Amino acid sequence: MKRLLNWLAGKGTALVALVMRGTCRYELHDDPRPALKAAGRPYVFAILHATQVAAGVGSERGTGAMVSRSVDGDLIASALKSLGVVVFRGSSRKNGVEKGGKQALHQMADHVRSGMPAIIAVDGPRGPRGKVKKGIAWLAKETDAVVLTVVAVPSRRWVFGKTWDRFQCPQPWSRVDGYFGAPLEAAPGESVEAFRMRIEATLNELEHRCDPQQAMAA
C-alpha cells in the first residue's frame with residue numbers, strides 16, 4: 001500500500017509540474033546562455049533549494065539535476081522527469097554515511113562533458129539555507145564549466161514557511177522572473193573552497209537584490 005501511495009503521489013506531483021509549465025510565463029533577465037552557447041562553453045546552474053520547483057519548471061530539456069534519495073526527493077524526481085530533466089539521485093553524506101552524492105556528481109560531470117547543462121540546489125538537501133556546498137564548485141572545475149547563479153521569483157507563489165529553506169512553488173498562471181548573476185569561472189589555481197565561497201556570495205547577493213522578501217525572511 002505504501003508503495004502504491006508513493007507512486008500516486010509521484011504521478012500527482014508530475015501532473016502539477018506539467019500544469020505549471022503549461023500555464024506559467026517566464027521572463028529571463030541578463031541571460032548569458034546565448035553568448036555561452038555561441039562560444040561553445042558548458043554551463044551549470046546554481047540555485048537555492050527553495051526555488052528548485054520554479055527553476056525546474058523553466059529548465060531546458062535534457063538538463064541534469066541532482067535529487068536526494070529521500071521520500072521528498074522521490075516526488076521532486078517525478079516532477080523533474082516529467083519536464084524532461086535527467087535526474088541523478090544522491091546527496092551529501094550524513095553522519096559519516098555516504099548518500100550517493102559523490103557518484104551522482106561524477107555522473108553529472110559526464111553529463112556536462114557531453115554538452116548538456118546541469119542544475120544543483122546548492123544549499124540542499126538539509127541546509128543551512130544559503131550555505132553553498134562544494135559540489136557545484138567541484139563540478140564546474142572538473143568540467144571547465146561556467147557557473148550561472150539564478151534566482152526564480154514567481155509573481156504568485158505558495159511559500160512553506162515552516163520548512164528549513166522556506167520552500168516555495170509558483171502558482172499556475174503566474175509570471176516567473178528568472179534573474180541571472182554574472183557568469184562565474186574558476187580562476188587559475190583557485191581552490192574548490194575559494195570558488196565555492198564566491199558562488200555563495202554571488203547567489204546570496206542576487207537573492208537579496210531580486211527577492212528581498214524571501215531573503216530577509218530566511
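Table for the structure above
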read-out	value
Criterion (assigned to a loop (DSSP other than H, G, I, E, B) and open to solvent by 10 Å² or more (accessible area, probe 1.4 Å)) met by exactly one of Ser78, Ser59	Ser59
Output for region 110-128, where each listed residue is surrounded by fewer than 20 Cβ atoms within 10 Å (Cβ to Cβ) and more than 12 Å from Val85 (Cβ to Cβ)	Asp110, Arg113, Ser114, Gly115, Arg126, Gly127, Pro128
Region 81-99 - residue that is on the phi > 0 side of the Ramachandran plot and open to solvent by 10 Å² or more (accessible area, probe 1.4 Å) and, of those, modelled with the highest pLDDT	Gly84
Filter result for the condition that a residue is surrounded by 15 or more Cβ atoms within 10 Å (Cβ to Cβ), touching a His at 6+ places or on another chain (Cβ under 9 Å) and touching a residue at least 12 places away in the same chain (Cβ under 8 Å), over Gly73, Gly64	Gly64
Tally, over region 167-194, of residues that are part of a helix (DSSP H, G or I) and free of Cβ contacts under 8 Å to residues at least 12 places away in the same chain	1
Close pairs (7 angstrom Cβ cut-off, 6 or more residues apart or separate chains): at positive phi in region 20-36, hydrophobic (A, V, I, L, M, F, W, C) and part of a strand (DSSP E or B) anywhere	Asp30/Phe180
Some residue of region 204-212 being open to solvent by less than 10 Å² (accessible area, probe 1.4 Å), in a helix (DSSP H, G or I) and either in contact with an Asp or Glu (Cβ under 9 Å, 6 or more places away or on another chain) or not polar (S, T, N, Q) (or both)	yes
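The values are calculated or read from the model by the stated rules, or taken from the named source; none is laboratory data. All values reported here derive from a predicted model rather than from experimental measurement. We place every Cβ from the backbone using ideal geometry, glycine too, and count neighbours over all the protein chains shown. Keep in mind that these areas ignore ligands, DNA and RNA; they rest on the heavy atoms of the full protein, side chains included. Shrake-Rupley method; radii C 1.70, N 1.55, O 1.52, S 1.80 Å.
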